[in-house]
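Below is one structure, written out as structure tokens, with a few remarks after it.
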Amino acid sequence: MDQPSRTRRGLLIVLSSPSGAGKSTISRLLLRADPEVTMSISATTRPPRPGEQADRDYHFVDDKEFDRLMTAGEFVEWAPVFDYRYGTPKAPVKAALKAGRDILFDIDWQGTQQLHAAMGEDLVRIFILPPSMAELERRLRTRATDTDEVVAFRMARAASEISHWAEYDYVLINKDMESCLAEVRSIVAAERLKRQRQIGLVPFVRDLVAPR
Ligand code: 5GP
């Protein structure tokens, strides 16, 4: 793995979308393509889906443990989503920022608002829209891990999630995975070059223009 750059501050990248709009696939592809990005692993009270692995996809916890983590101030944000609660552990976020690594968050609009309030300028918010509601439903159905009832419920929630699109810095329409991934990578590349993130610039420029 490449050594991450120490001369810039890490970036917090939020990807939000209604369930099924493709953000999990985009996240996976981005992580594979970019060694400076790591995934934030949330805690959730939701039971694992088939194929999901504890501490890779989520930290699966019961209600009592979630309460304990909340009370101990271990979450940078948390929110109820559907019938369960989801929260982002604070410690890995702080460590990554300090080390100049980037963290990717797959969280909903409620969590994004809280992260924005807590982390401000360190956060880059990206919202992914499906090309149509019919296509969103088709993708939810081909995923095949959820029952009809769950799909209907998620479709009903999608419109309300989409209503938060304007709270994001970037909005992408996921017509095809490859272009959407390329767009996310361009955003990340540009955000890394922002002057205020390049903490090594001041000494570099001082040296650059110093009389020899
Ligand atoms: P799923 O159950 O399909 O994995 O996730 C359901 C929703 O919860 C998704 O919209 C996902 O972005 C959101 N989510 C996952 N982890 C977190 C978290 O730590 N905080 C918040 N606020 N939302 C989360």
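The values are calculated or read from the model by the stated rules, or taken from the named source; none is laboratory data. Here the structure is a predicted model, which is why all the values come from computation and not from measurement. Cβ atoms come from the backbone with ideal geometry, glycine included; neighbour counts cover every protein chain shown. Remember, those area values only see protein heavy atoms, side chains included, never the ligands or the DNA or RNA. Shrake-Rupley method; radii C 1.70, N 1.55, O 1.52, S 1.80 Å.
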When THR88 is run through (1) buried (at least 19 other Cβ atoms within 10 Å of the Cβ); (2) out of contact with any Phe, Trp or Tyr (no Cβ under 9 Å at 6 or more places or on another chain); (3) in a strand (DSSP E or B), the failure sits at (2)
Would you mind telling me which numbered condition in (1) within 15 Å of the ligand (Cβ to nearest atom); (2) open to solvent by 40 Å² or more (accessible area, probe 1.4 Å) PHE105 fails?
(2)
Just one of (1) at pLDDT 90 or above; (2) open to solvent by 70 Å² or more (accessible area, probe 1.4 Å); (3) of a type in the set (Ser, Thr, Tyr) trips up THR147, so point out which.
(1)
For residues in the range 64-102 being within 12 Å of the ligand (Cβ to nearest atom) and among the hydroxyl-bearing types (Ser, Thr, Tyr), which is farthest from ALA33 (Cα to Cα)?
TYR84
Name the pairs whose Cβ atoms lie under 6 Å apart, with the first residue in the range 1-17 and more than 14 Å from LYS194 (Cα to Cα) and at pLDDT below 55, the second in a loop (DSSP other than H, G, I, E, B) and among the charged types (D, E, K, R), and 6 or more positions between them or separate chains?
PRO4/GLU36; PRO4/ARG101
Based on this model, can you work out whether ALA210 counts as more than 24 Å from SER40 (Cα to Cα) and in contact with a helix residue (DSSP H, G or I) (Cβ under 9 Å, 6 or more places away or on another chain)?
no
Just give me the residues in the range 111-129 being open to solvent by less than 40 Å² (accessible area, probe 1.4 Å) and within 8 Å of the ligand (Cβ to nearest atom), in sequence order.
GLY111, THR112
Report, by residue number, each residue of the range 40-58 that is open to solvent by less than 60 Å² (accessible area, probe 1.4 Å) and not polar (S, T, N, Q).
ILE41, ALA43, ARG46, ARG49, GLU52, ASP57, TYR58
Restricting attention to the range 32-61, and to residues there that are in contact (Cβ under 8 Å) with a residue 24 or more places away in the chain and of a type in the set (A, V, I, L, M), which single residue is nearest to the ligand (Cβ to nearest atom)?
ALA43
Look through the range 175-191, keep the residues that are touching a residue at least 24 places away in the same chain (Cβ under 8 Å) and over 16 Å from the mean Cα position of the chain (by Cα), and return whichever of them is most open to solvent (accessible area, probe 1.4 Å).
LYS175
